[in-house]
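Scroll down for the structure; my scribbles are underneath it.
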Amino acid sequence: MDAHIVDSTITTGGDVVVNAENAAQIDASAYSSITAWTAISAVVAFNSIGWKSSNILFNALDALLGDPLISTAFDGEQPADALAYLRNTTVDAGGAITVTATSAAQLNAVAGNENVVEAVLDLLFTGAQTTTTTTDAKTGKTSSKTGGYGASGLAGGGILASNKVSSGAEAFIEFTGAQGTIDAGGTVTVAARDDAGINAASTVVQDVTTANDRWRGSSTSSISS
């Protein structure tokens, strides 16, 4: 965003205001959910403001490195800037003169990967039974476990994500040749502010439950950040 006055002469009894604002915003979500006996999935999400679009390989490398080295090497950075200025412009204002630039780029991202496995068999198939016998080395006692058809479950998942924001704000008054004049009956304000932000969250949940007529087992794994 660019707001400027160049090579001009301004005379007014009121205020002179040059203001640039960049309020670019992305609200992104990527989510995978699978319910099955075998559930394996991956979620890949690359979100950016102020960077050129890139291919999945370069984005993945930057995400794994935790640094946009690849994107930077290929001149991928294009900051979401706000720029406001007076250049070679004489101003005589009865009021205030204000030159301000504000960049408020905001990236909000949510990524999730949830796999739920419920492998349950309540029937006992004749001939499909398997008996496992174990002996305690200390006590010498033996124990056995009989399973039926053999239900089994598997869950696995992950997330590879990166969120990047490049922004900036600049405001100025300048004369590149002969010195000009800036006269104001009120205040003269030249200010720039960069309030860019990233709000990101990710959740990984892998839940496995298996049951075979006489025994049951379960396992749950969850990661959130």
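Annotation note: Cβ proximity below 8 Å between a residue of the stretch 166-189 that is in contact (Cβ under 8 Å) with a residue 12 or more places away in the chain and under 19 Å from Gly13 (Cα atoms) and a residue that is among the charged types (D, E, K, R) and surrounded by 13 or more Cβ atoms within 10 Å (Cβ to Cβ) (sequence gap 6+ or interchain) occurs for Thr181/Asp92; Asp183/Asp92; Gly186/Asp15.
Where strands (runs of 3 or more DSSP E) fall entirely within the stretch 149-212, those with at least 2 residues that are loosely packed, with under 15 Cβ neighbours inside 10 Å and at pLDDT 90 or above are at 167-174, 188-194, 197-212. The set of residues in the stretch 33-76 that are in a loop (DSSP other than H, G, I, E, B), surrounded by 13 or more Cβ atoms within 10 Å (Cβ to Cβ) and in contact (Cβ under 8 Å) with a residue 24 or more places away in the chain comprises Ala36, Trp37, Gly50, Pro68, Gly76.
Of the residues making up the stretch 96-122, those that are part of a strand (DSSP E or B) and either over 30 Å from Glu170 (Cα atoms) or of a type in the set (D, E, K, R) (or both) are Val110, Ala111, Gly112, Asn113, Glu114, Asn115, Val116, Val117, Glu118, Ala119, Val120, Leu121.
The values are calculated or read from the model by the stated rules, or taken from the named source; none is laboratory data. Please read all numbers here as calculations on a predicted model, not as lab measurements. Backbone-built Cβ (ideal geometry, glycine too); neighbour counts: all protein chains shown.
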